[in-house]
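The values are calculated or read from the model by the stated rules, or taken from the named source; none is laboratory data. Just so we're clear, the structure is a prediction, and the values are computed from it rather than from any experiment. Glycine also receives a Cβ, built like all others from the backbone with ideal geometry; neighbour counts cover every protein chain displayed.
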Amino acid sequence: MQTLAQTNRQIKVYTNVVQTFYAAKPGLARARSSAKESVVGPLTPAEVEREARARLPPETWDFIQGGSGAERTLAANLAQFGRYALRPRVLVDVSACDPSLELLGDRLSAPIAIAPMAYHQLAHPEGELATARAAGRAGLPLVAGIFASRTLEEIAAVATGPLWLQLYWLRRREALAALVERAEAAGYRALVLTVDAPRVGRRLRDVRNGFTVPEGVRAVNLDPSLMAASHRRTEGASGIEAHAREQFDPTLTWDDLAWLRGRSSLPLVLKGILTAEDARRAADHGAAALVVSNHGGRQLDGAPPTLAVLPEVVGAVPADLPVLVDGGVRHGTDVAVALALGARAVLVGRPVLWGLARAGEAGVEQVLGLLRSELEDAMALLGRPRLRDFDRSAVAHWDHGM
């Protein structure tokens, strides 16, 4: 019978042989490691975030991640979800959970949309094309940004899900009108006007980095003369901030919305609503939907976290006016909390760009899949298998030392 000492010696010899083999073939070792990782892949947005950060230049990462000022609102958006507990009900038939819904005339697979974000090519060479394909396969809308790095028509050509176009109000209205006309001709389903940006908030990470949009990335749907400032580098200044001050129209008022509505039959969604007063005015001015948003903590630092004011906005408008929310959504349980507080759907921003940076189209699809599967799990474990089952009784304030 072999002794324990003999067995240990054999194990040591075998280990040395294996290590020597893979040391001589480093490519095989890496492939073996990558194959193992690809089978599982990231299981949380935080894991996607870590991998994305490793792939992006530091100044690009700061542009994507940063907020304005001391970034209090940015942090508060995330923290607010932790102030609610979910209240599960038991002995409910949850054999078939259905997160699908109708929104602005389209059937969506889940109450999730991709928030408008500029310059997807900062994260991946395919940019918005990869994002649009992933959104379409997931059955979810993509809100293409006015500063998209692929043309509206290119995005529409690959999209199989609903497309909405986000707009800032530019000083040159003819440029705005041309975009609206192109979007409608290309089959976009809604316009999303960002109303919280008469100028861009002071984003200190961009100021410190002297951030400008790299030469290889452009807002291709606008004339280059309109975008020149965003590429002009000045130490200690942000090209994004300089561009906004040059091109955004700070004179915009409620009365101007009639001009935009008169140029398109598309539903008009107003993004950036944080008070009941503005919600009521938006409804009075014919908004088809509202987005409760503080611009991902990138505009007024010290503005409330969106989840905190969501019930106020929902309560101020008719029940048939959809209210969406963005800011800090990282998990399917976050979606569940937002639904319980009255949101019709959520918009997800940064995690989508993380997925895009990590693995292009497949990375975006994975992030969206994680959110949807986590939402379905939450629906089953909450005992609320349909979206209409969500109301305020699904959540409670949770004081756990915060």
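Quick check on my filter: what residues within region 48-97 are of a type in the set (D, E), surrounded by 14 or more Cβ atoms within 10 Å (Cβ to Cβ) and part of a loop (DSSP other than H, G, I, E, B)? Break it down stepwise before answering.
Here is the first cut: in region 48-97, the residues of a type in the set (D, E) are 49, 51, 59, 62, 71, 93.
Checking the rest, the ones that are also surrounded by 14 or more Cβ atoms within 10 Å (Cβ to Cβ) come to 49, 51, 59, 62, 71.
Result: E71, single match.
Scanning region 210-230 for residues that are surrounded by 19 or more Cβ atoms within 10 Å (Cβ to Cβ) and among the polar types (S, T, N, Q), which turns out farthest from L74 (Cα to Cα)? Only one residue fits best here, namely N221. Residues that are buried (at least 24 other Cβ atoms within 10 Å of the Cβ) and either within 19 Å of R298 (Cβ to Cβ) or of a type outside the set (A, V, I, L, M) (or both) within region 125-146 comprise E128, T131, P141, V143, A144, listed in sequence order.
Yes/no per residue for (1) surrounded by fewer than 24 Cβ atoms within 10 Å (Cβ to Cβ); (2) among the aliphatic types (A, V, I, L, M); (3) not assigned by TED's automatic domain parsing to the domain that holds C97:
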site: V346; (1), (2), (3): no, yes, no
site: W354; (1), (2), (3): no, no, no
site: A357; (1), (2), (3): no, yes, no
site: E365; (1), (2), (3): yes, no, no
site: L370; (1), (2), (3): yes, yes, no
site: D377; (1), (2), (3): yes, no, no
site: L381; (1), (2), (3): yes, yes, no
site: P385; (1), (2), (3): yes, no, no
site: R392; (1), (2), (3): yes, no, no
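Condition test on A70, is it among the aliphatic types (A, V, I, L, M) and either under 24 Å from D391 (Cβ atoms) or under 19 Å from the mean Cα position of the chain (by Cα) (or both)? Here the answer is no, as A70 does not meet what is asked. Is it the case that A110 is touching a strand residue (DSSP E or B) at 6+ places or on another chain (Cβ under 7 Å) and over 23 Å from E59 (Cα atoms)? It is false that A110 is touching a strand residue (DSSP E or B) at 6+ places or on another chain (Cβ under 7 Å) and over 23 Å from E59 (Cα atoms). Among residues of region 170-195 that are at positive phi, those with a Cβ under 9 angstrom from a residue that is buried (at least 21 other Cβ atoms within 10 Å of the Cβ) and not charged (D, E, K, R), sequence gap 6+ or separate chain, pair up as G187/A159; G187/L163.
When each of V213, V217 is tested for being under 15 Å from A242 (Cα atoms) and at pLDDT 95 or above, the lone residue that passes is V213.
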